[in-house]
Amino acid sequence: MSKERKRPTIAKPAIDYATVLQFAAAGESPSVIPGDDGQQPSQGPVATVHKGQVALTVELKEELHAALQREAARKGRTVEDLVRKILAKHCKGD
């Protein structure tokens, strides 16, 4: 007799696009996180971006990401530092 497992239902997050666009146009944090109950999250990943810098998210193939990790480890650097140096060198002439 085998017991059938039920799959949990996963709902897509609700996104208030007007708030997202307002946030992007203003360049600052919204007072309320869209889809939240108004409470600031107590834990979770937080990205700190220093003045004069921009956070960049890039989708890479797993093989390329692994190669970046290996090269960063070989040089004793972080992937972030390695990518920053590669981009700076590549875009220097522009």
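The values are calculated or read from the model by the stated rules, or taken from the named source; none is laboratory data. Fair warning: this is a prediction, and the values are worked out from it, not measured in the lab. Every residue, glycine among them, receives a Cβ derived from its backbone with ideal geometry; neighbour counts consider all protein chains shown.
Scanning segment 61-80 for residues that are within 27 Å of residue 24 (Cα to Cα) and surrounded by fewer than 12 Cβ atoms within 10 Å (Cβ to Cβ) yields a count of 1. Here residue 78 fulfils each of the conditions (1) at negative phi; (2) out of contact with any Gly (no Cβ under 8 Å at 6 or more places or on another chain); (3) at pLDDT below 80 apart from (3). Of all residues in segment 58-75, those being small (Gly, Ala, Ser) and touching a helix residue (DSSP H, G or I) at 6+ places or on another chain (Cβ under 8 Å) number 1. Looking at 83, 54, just one residue is of a type in the set (A, V, I, L, M), in a loop (DSSP other than H, G, I, E, B) and either modelled with pLDDT of 80 or more or surrounded by fewer than 10 Cβ atoms within 10 Å (Cβ to Cβ) (or both), and that residue is 54. When the test is whether a residue is more than 30 Å from residue 11 (Cβ to Cβ), at pLDDT below 90 and not small (Gly, Ala, Ser), residue 89 does not pass it.
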